[in-house]
1. Average projected area of the Cα convex hull of region D:206-326, in nm²?
2. Where does each of C:Ile117, D:Ile133 land when they are ranked from fewest to most other beta-carbon atoms within 10 angstrom?
3. If only Cα atoms are counted, what is the Rg of region D:125-232, and what is its Dmax, in Å?
4. Suppose the Debye formula is applied to equal point scatterers at every Cα of chain A; what is log10 I(q)/I(0) at q = 0.15 Å⁻¹?
5. Residue farthest toward the positive end of the dipole of region A:66-183, with Cβ of Lys/Arg at +1 and Asp/Glu at -1: which of A:Ser138, A:Gly124, A:Gly160?
6. Could you work out the mean count of beta carbons from other protein chains within 10 Å of each residue's beta carbon in C:316-329?
7. Rounded if a/c is under 1.5, else prolate if a/b beats b/c, else oblate: with a ≥ b ≥ c from the C-alpha gyration tensor eigenvalues square-rooted, which is region B:49-138?
8. Go through region A:45-62 residue by residue and turn each phi into a ³J(HN,Hα) via Karplus (6.51, -1.76, 1.60, θ = phi - 60°); whole Hz please, and just put x for glycine and proline.
4 protein chains.
Amino acid sequence: MAALGKARFLLQHKCSVYKLSGCRYFSVQSVRHSESKSPVGFIGLGNMGGPMAKNLIKNGYSVTVFDVSEQSKEDLRKAGANVVSSPAAVASEVDTIVTMLPSNPHVIEVYTGKSGILSTVKPGSLLIDSSTIDPMVSIDMAEQCSKKNATFMDAPVSGGVLAAASGALTFMVGGPASEFPAAKIILENMGKNVIHCGGVGTGEAAKVCNNMMLAISMIGASETMNMGIKLGLEPKVLKDVLCTSSARCWSLDTYNPVPGVLEGVPSSKDYQGGFATELMDLGLAQNVATTLKSPTPLGSLAHQIYRVMCNKGYARKDFSSAYMFLQDEKEEK
Amino acid sequence: MAALGKARFLLQHKCSVYKLSGCRYFSVQSVRHSESKSPVGFIGLGNMGGPMAKNLIKNGYSVTVFDVSEQSKEDLRKAGANVVSSPAAVASEVDTIVTMLPSNPHVIEVYTGKSGILSTVKPGSLLIDSSTIDPMVSIDMAEQCSKKNATFMDAPVSGGVLAAASGALTFMVGGPASEFPAAKIILENMGKNVIHCGGVGTGEAAKVCNNMMLAISMIGASETMNMGIKLGLEPKVLKDVLCTSSARCWSLDTYNPVPGVLEGVPSSKDYQGGFATELMDLGLAQNVATTLKSPTPLGSLAHQIYRVMCNKGYARKDFSSAYMFLQDEKEEK
Amino acid sequence: MAALGKARFLLQHKCSVYKLSGCRYFSVQSVRHSESKSPVGFIGLGNMGGPMAKNLIKNGYSVTVFDVSEQSKEDLRKAGANVVSSPAAVASEVDTIVTMLPSNPHVIEVYTGKSGILSTVKPGSLLIDSSTIDPMVSIDMAEQCSKKNATFMDAPVSGGVLAAASGALTFMVGGPASEFPAAKIILENMGKNVIHCGGVGTGEAAKVCNNMMLAISMIGASETMNMGIKLGLEPKVLKDVLCTSSARCWSLDTYNPVPGVLEGVPSSKDYQGGFATELMDLGLAQNVATTLKSPTPLGSLAHQIYRVMCNKGYARKDFSSAYMFLQDEKEEK
Amino acid sequence: MAALGKARFLLQHKCSVYKLSGCRYFSVQSVRHSESKSPVGFIGLGNMGGPMAKNLIKNGYSVTVFDVSEQSKEDLRKAGANVVSSPAAVASEVDTIVTMLPSNPHVIEVYTGKSGILSTVKPGSLLIDSSTIDPMVSIDMAEQCSKKNATFMDAPVSGGVLAAASGALTFMVGGPASEFPAAKIILENMGKNVIHCGGVGTGEAAKVCNNMMLAISMIGASETMNMGIKLGLEPKVLKDVLCTSSARCWSLDTYNPVPGVLEGVPSSKDYQGGFATELMDLGLAQNVATTLKSPTPLGSLAHQIYRVMCNKGYARKDFSSAYMFLQDEKEEK
């Protein structure tokens, strides 16, 4: 795990590492299977990774999987996957691997741990990490993979559990342009948009940016709808006016936080079944902004509001419950 | 000045006045000219009102105008308008009047002043105010017009000087549903969207909501683009990724604050020619929110940021210069 | 209601009224009783006003009182006061009156209403308003009193119910320097500090400033103590370190928000018995700041946090319950 | 540097490490010189460390020093210090060492680098770090020192360059109670307050808390004074009123940000000679708060405001220039 600290140290002292990262991996030789539908490894079979791996199987891939949960492995076995006992075991069998893990330390462990991918990885392998993590960790992982002559790409997703199941995810991919086509062939089996954002780390960077902006616009939409309704506007009328005007945003037109304004969205289902407030990890964005000394006044405040919401019982509710949080509840504590 | 307190008192104790306002004016008898293209009055011929009045003339209306500026009046005279010497003079000649004024006190003066509209207004007149003002003042004006058997509607606009010139404004209209069709006929000559928002005051309410949300999303977009670029993302790529994802908003896809990302927008023209920061009047939203005790954490912070920007030399720049404000300038004070 | 706009218009265009106000009343002739212990009127006998009036009686004054509550009047009658039926009745009997009322409209009504003070006020009277209200309303009241040849002074208090009872209030007084000694003689019977802040309105201005700063430091103290305790610091040790360093403030050393750190304060009594969150009226400060275009980023955010706290069940708790609000409660909504 | 990552990992997964840290080092055997005035090492001879080391010399200590700057070393040599070539060389000569370094990576390098302290440290040594760093790094350093049978204590300071020169610093000390007396004997030569805060890391924790609260109160004081002055209050009167009331704080009564209110403070010297805005490192507090998931809404906003100030030319000015930042400058960008 030493490299994590090193990445941070480097970052503080030579932040330009980001700008350089785009061109560092072009020399990695690709010796992977080039015929289509070559076997793929998948590590991390949770709410997101499970359905993603199944989509690969549905699309005709032979998939070798690992997870720490017995149930998750059993579930994939039934779906036709080849289950093995460690990340190292996956890497010794296949040369294209997708990882989908909860956070920084899990990624570091799966790649650089004792029975991690890098302990057995084949030269020329393509390693695609779809976890949402710190871009600095992605850059660090890429460096370590590079030493083993393997290519690491970060490819976090936009879209939740339903999009994972239906293969409708958007992938934001960072890594060498020369390797992007190979990554895209795999990722297209699990998503409908696969976007190359630049050098390694830029996929995570784009994800971090998206999440911060999303949090700002969702809380902003909640404040605005709440105030407008208190001013006597009918909620649907207010939504329509705002969405034909300069206030238009995804949080208003596609995921409106006011119950009953849109059908099928979490706000119309008691804020269930969406993207939980506790997963709205703006800590990543704040760490990045602090390290880069980049001012993010609204992003920081949004982070704080979601932090308080987690403390006040909204952790498991959809993040559009910011609207509910702003309501007057009146009951005495 | 006792009435000041009274207005506030009423507001604090019977805020439901808003909710009721929709139905108070249905009994006003409409005795206006019903044939099309009846003469129209226009008061307030500035950057917005001037082009709007001209569009009425272009569309075949006979227009009687007033403004305090001699030059504005002369300009309209050349365009074919009938220029008179006071709001009262306008109201004594025509029974349909549009007003477009800078702020609360101007509206109050034009309607209730010594030579104001209400001093000569004909029973049954339709008075449409397109100024951006406090919804509470609109409600008050409507009450006073009602005593003269005239109908007041608030119809603030979205879209700037260019939209005013090209007749592409959006009107957000508050007032009795029974009078909306008559107002719409007039307003369609100056805009392409005319939306009925509800009872009197709701047009202004929608405008206030739109402006608050716009300010939040513009500053949010500025923070996000700034951080992403510092993280090594190419600006246009970042814009594209965000706009195909849940961060999508008008401030990113139509009016992006980063120079060079979109053509023709103020950010690509040194933040000139758009909507000045000093006109981003979030004070209206904050006054309303404070009165209603409606929490608006991000809206309040956006208000404060634009306040500081006005103090620091950005008052005349386009409001997307929030991006520039967040930049590192380094020079010592 | 036209005057509403007029007041706002005046304010926006001649804000210097504040600066001028100090010198406008020097010419008022003082013809009041000059012997000590002349009779005093007291209007507004609530939690604060009741004990204040009683202190005047205890100190040997003959006190004539009015309140809308029968019980409050009865309570004062037992304490020895002369109870009359209206503000006008008070003003017709005595020429020195103290008012202690809940908010702007109450003050306006008591002074300028049909049976208000000004309907019967004697020339040369001294009218001292200890209510916490908008400084603009104070200035307006002073103008109206001036027309009746009476002097109005604003004298809001710092210190709560206990300080009112024990005569330990601080009075922040605005009004003509020439009248300050007369006001001070009266106020010293109810408080231990009587400070002349400047012209009329400056007492309220100082109060508004104090409340904003207090809210900022209380929430700041709550955040800081909470973070420090989570970092492993013992609460009392943390308090001691902070109070011997540059973080020192009243909210930490005198009214610490963490239960058990100080004895006798509301935080150590389940946040009961102090100054209720719902009375923490930062709306006054925000209205003033918005009118003056004075940036108050932390003040605005503190306002918003107390607004949300009121909505979430903390309205009746002491305002130091901000500490409790920031805690992790975990239970699901 | 691996342990840094480990500390963070642990922190995220078992935050109770903090609570435990107080008792982990009691078993370390102390075999240091116990006679007074035993030789002391000092590493880091900058604006703070230089004067501190000189105070040890003045008080009769034999001091062995190291710094990367030749000039700093030469300066101390003239003052009577024994200059050596590396941290390792210091540790091989003396068993009591004080370190005063700029930030996390410097501390990590000086302790755990190739020619770092731990490469030669004697068993039983007392290592006191007065740098302002992340408490997690302190805990990690303590663990590594423990493996060498040495005691690490964190002892960051409050008070700036002048206090360092005059020996008037306050030390906030974290580490085993059994070792505190030995540390105190050394530190008392450089400061007038030496406070034991608890287990290792709690000194840094207290410092982080103090800085966050200080930033909040300084910006709050700046907002409040600015608004009050705009409301017509004379600055010194306003300061006096606030300081006798519940708004009282160090930023108002000792370090007032308004020029001319207090003599001798930076605000009265064009914001020169104090504590530079760029050194107001609230990033530490924000990283800690994010890791602990502790809400700090005002602390975060204060961080953002100082971030923007650094970008806008206030980096080298005293941190009380927040008052100046809020002023209306009007000149066009």
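1. Projected over every direction and averaged, the Cα hull of region D:206-326 covers 7.5 nm².
2. Final ranking by Cβ density, sparse to dense: D:Ile133, C:Ile117.
3. For region D:125-232, the Cα radius of gyration and maximum Cα-Cα distance read 17.0, 64 Å.
4. -1.21
5. A:Gly124
6. Other-chain Cβ atoms within 10 Å of each residue's Cβ, averaged: 3.
7. Prolate is the answer for region B:49-138, as a/c is 1.5 or above and a/b outweighs b/c.
8. Ordered by residue, 3J(HN,Hα) equals 10, x, 4, 8, x, x, x, 5, 4, 4, 5, 5, 4, 4, 8, x, 8, 7 Hz.
Each reported figure results from applying straightforward, stated rules to the coordinates on display, with no laboratory input. Keep in mind the model is a prediction, meaning the values are calculated, not measured. Don't worry about glycine lacking a Cβ; one is built from the backbone with ideal geometry, like all the others, and counts go over all protein chains shown.
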